[in-house]
1. Would you check which residues across the range 22-60 are within 20 Å of Cys85 (Cβ to Cβ) and either of a type outside the set (Phe, Trp, Tyr) or outside any helix (DSSP H, G or I) (or both) and list them?
2. Which members of the range 1-28 meet the condition of being within 14 Å of Ile43 (Cβ to Cβ), touching a residue at least 12 places away in the same chain (Cβ under 8 Å) and of a type outside the set (S, T, N, Q)?
3. Identify all residues within the range 7-21 that are in a helix (DSSP H, G or I) and either under 15 Å from Ser35 (Cα atoms) or in contact with a Lys or Arg (Cβ under 9 Å, 6 or more places away or on another chain) (or both); write none if there are none.
4. Under 15 Å from the mean Cα position of the chain (by Cα), within 21 Å of Lys26 (Cα to Cα), at pLDDT 85 or above and surrounded by 12 or more Cβ atoms within 10 Å (Cβ to Cβ): does that describe Leu59?
5. Mind counting the residues in the range 44-56 that are closer than 16 Å to Lys5 by Cα and either surrounded by fewer than 18 Cβ atoms within 10 Å (Cβ to Cβ) or modelled with pLDDT under 80 (or both)?
Amino acid sequence: MRTFKEILDKLYSALNIKSDIEFCRKYGIKKNTLSTWKARNKIPFELLVEISQNENLDLNWLLKDQPTEPTIQPDQKPNDLETICSYIKDLNETDRKKVLKYVLELQLGET
């Protein structure tokens, strides 16, 4: 899995974001919250899922050490179950639990 800085750098590059302030504004994050994430070297997985879905980015590309560009085209969403399951399968157990928790929250309308 990539470090926080690597993930943020990939997001900034893929989304043509030039600064932390621009990122915070775009996603409604407080600057001090981002600073805390940086200090802890952690970013909420749910946020990465949301950004990747909204921006059509491949989570596998974002989170793993893969030299290739995203496999999902800008006009395509990973909506077939087999593709989604393959992404989840490649995650570690902790991250799979986070995905499951997020999906359950979506089903219950808590997000």
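1. Initially, the range 22-60 is screened for residues within 20 Å of Cys85 (Cβ to Cβ), giving 45-46, 48-50, 52-53, 56-60.
Residues satisfying the conditions are Glu46, Leu48, Val49, Glu50, Ser52, Gln53, Asn56, Leu57, Asp58, Leu59, Asn60.
2. If the condition is that a residue be within 14 Å of Ile43 (Cβ to Cβ), touching a residue at least 12 places away in the same chain (Cβ under 8 Å) and of a type outside the set (S, T, N, Q), then Met1, Arg2, Phe4, Lys5, Ile7, Leu8, Lys10, Leu11, Asp20, Phe23, Tyr27 are the ones that fit.
3. Ile7, Leu8, Asp9, Lys10, Tyr12, Leu15, Asp20, Ile21
4. When the stated conditions are applied, Leu59 does not pass them.
5. Result for the range 44-56: 2.
The values are calculated or read from the model by the stated rules, or taken from the named source; none is laboratory data. The model shown is predicted, which means the values in this text are computed figures rather than measured ones. Cβ: placed from backbone, ideal geometry, glycine included. Neighbour counts: every protein chain shown.
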